[in-house]
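Quick notes on the structure that follows.
Derivation of every value follows stated rules applied to the coordinates shown; laboratory data play no part. Just so it is clear, the model here is predicted, and its values are computed rather than measured. Here the Cβ is made from the backbone with ideal geometry for all residues, glycine too, and neighbour counts use every protein chain on show.
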Amino acid sequence: MKIKHKDILLLTGNLTSPQGGASISGLDVLMALSNIPDAQLTVLAQATSILKDKYVKNVSFKGYYIPPTFPKDKTILNHLRYIKNLIVYPINTFIFKHKKYRVCIVNGIGNHDKFVKVSNILPHNCQKILIVRESPRHFTELKLNKVKSQFKLYDYLIFVSSNCQSEWCDVTGYPTENTFYIPNCAPEEKINVLMKKSKLQTKRELNLSEDRFVVASVASIIPRKGQDKILKITDNLIEKIPNLLFLFIGPNNNDEYFKDFLSKINTDKNKDYFKYFGKKSNALEYIYASNAMVLTSNSEAMPRVILESMALKTPVITSNVDGCSELIEHEKNGFLFDDQSLDKVVDYLRLLSCSKEAGHNLIMKSYEKYKVSFTRKHLNQRYNEMLKQVLN
């Protein structure tokens, strides 16, 4: 499909953080759109010079077109920036108005406020599309009502989870026929490099004992991610799996939830079995080296960590919420649990620790499911098909 020169605008977040979820999702969309034949994109986002050089042929990176506001912090530097913006903003606005974009894609509800600041200078016939990467359970009732009103400003919505797609349409009354399902993918370029080594070699390089049954839980330490569920079953885990090493990997807000979590895993009874490693730039290596990956979230749309585990052939045990059950079919390619069956997590991990065959059967079916439905090639094709429909 040929797309008219420069008629796609992508509004996304900061693209300079290689580990940030917002950066990764923005890069995925950027890669998908840049693979469309003859497409020339404009991307409103912060980006590194390396990234700009990589897409120099068909992508133009711009800063946000935000009206100048007088600085609250009255430093000389801020005043100079304000003066510069007074000059640059009308010039950029004039250029922006004459781009004739036919499609504007907003990557995530978190970027809606940025969209509002440029929406009044988009062409009247520009198709406005929002990518929804959240479950309704991400929001309080007050915030949920605000999101409902935001949806009305878009011609189409893209959902990364089909479960969330149905639920959002029920909650908001948004017309299903104006929605698309485009799930995430894993960072296959990094995974392909990593899998050239064996899992055992990676385990050794990370200084993880070969004798330990290693479990990775990769997620921010926040209430929504539900790490407190594991704290309720630590005694049972230690009793049933004496060689357990349970690794929590992810950033934290240094709040009461995190402090309580940290104090409980650092008790004399738990400290040899449960470790907090913080945020790791090589989190994929830990997933690959682990004997299982556990996700305890209370809400998720389409969790990348499950996709990563599927592609890395690491068994998955996950809470049965939102998009998790789209990826994991219970006892077929992984295990699902709910809050009323936390002891089942112990049983599933014990089974994997005792039976290599059980784990092998799960990971092969999981890997096959990823290859059949969730690869980057599928992501690119889905964006291509979506644009065909929108532009026609």
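Express the Stokes-Einstein translational diffusion coefficient of segment 232-358 in µm² s⁻¹, to the nearest whole number, given a Kirkwood radius over alpha-carbon pairs, 37 °C and a viscosity of 0.692 mPa s. It would help to have the intermediate numbers written out before the result.
Values: Rh = 15.4 Å.
Answer from the Stokes-Einstein relation: 214 µm²/s.
A simple count of charges around THR314, restricted to other residues whose Cβ falls under 10 Å of its Cβ and scoring Lys, Arg +1 and Asp, Glu -1, yields +1. A straight chain from THR16 to LYS240 at 0.36 nm per residue would run longer than the Cα-Cα distance by 76.3 nm. Cα centroid separation, segment 277-338 to segment 103-124: 32 Å. Couplings 3J(HN,Hα) for segment 325-331, derived from phi with the Karplus relation 6.51 cos²θ - 1.76 cosθ + 1.60 (θ = phi - 60°), are 6, 6, 8, 10, 9, 4, 6 Hz, where x marks Gly and Pro.
Kirkwood radius, segment 215-260, all distinct C-alpha pairs, inverse of mean reciprocal distance: 11.5 Å. Note on GLU188 and VAL372: with the Förster distance fixed at 25 Å, the Cβ-Cβ geometry gives a FRET efficiency of about 0.95. From least to most packed, judged by other beta carbons within 10 angstrom and beginning with the fewest, LEU153, LEU245 follow the order LEU153, LEU245.
On a per residue basis, the convex hull of the C-alpha atoms belonging to segment 182-229 measures out at 135 Å³.
Each eigenvalue of the Cα gyration tensor of segment 238-305, multiplied by 5 and square-rooted, gives one semi-axis; in descending order these are 20, 18, 12 Å.
Which log10 I(q)/I(0) values, to two decimals, does segment 293-353 give at q = 0.17, 0.20, 0.21 Å⁻¹ under the Debye formula with one point per Cα? Debye curve over Cα of segment 293-353, log10 I(q)/I(0) at q = 0.17, 0.20, 0.21 Å⁻¹: -0.48, -0.68, -0.75. Protection proxy ranking, highest mean first, for peptides 166-176, 104-114: 104-114, 166-176, where packing is the per-residue count of other beta-carbon atoms within 10 Å, averaged. A viscosity of 0.890 mPa s and a temperature of 25 °C, combined with the Kirkwood radius over C-alpha pairs in the Stokes-Einstein formula, give segment 105-156 a diffusion coefficient of 210 µm²/s. Taking amide H as placed 1.01 Å from N in the peptide plane, the amide H of PHE61 sits under 5 Å from that of VAL43, each at least 5 places away or on another chain. Taking every Cα-Cα distance in the chain and sorting them into 10 Å bins starting at zero, the pair-distance distribution P(r) comes out as 4, 21, 29, 24, 15, 6, 1 percent.
At 10 °C and 1.306 mPa s, what whole-number value in µm²/s does Stokes-Einstein give for the translational diffusion of segment 302-392, with Rh from the Kirkwood sum over Cα pairs? Calculated translational D: 111 µm²/s.
For segment 266-274, 3J(HN,Hα) computed residue by residue from phi via the Karplus equation (6.51, -1.76, 1.60; θ = phi - 60°) reads 9, 5, 4, 6, 9, 4, 7, 10, 10 Hz, glycine and proline entered as x. Put in order of Cβ neighbour count within 10 Å, fewest first, the listed residues THR42, THR69, THR202, THR314 become THR69, THR42, THR202, THR314.
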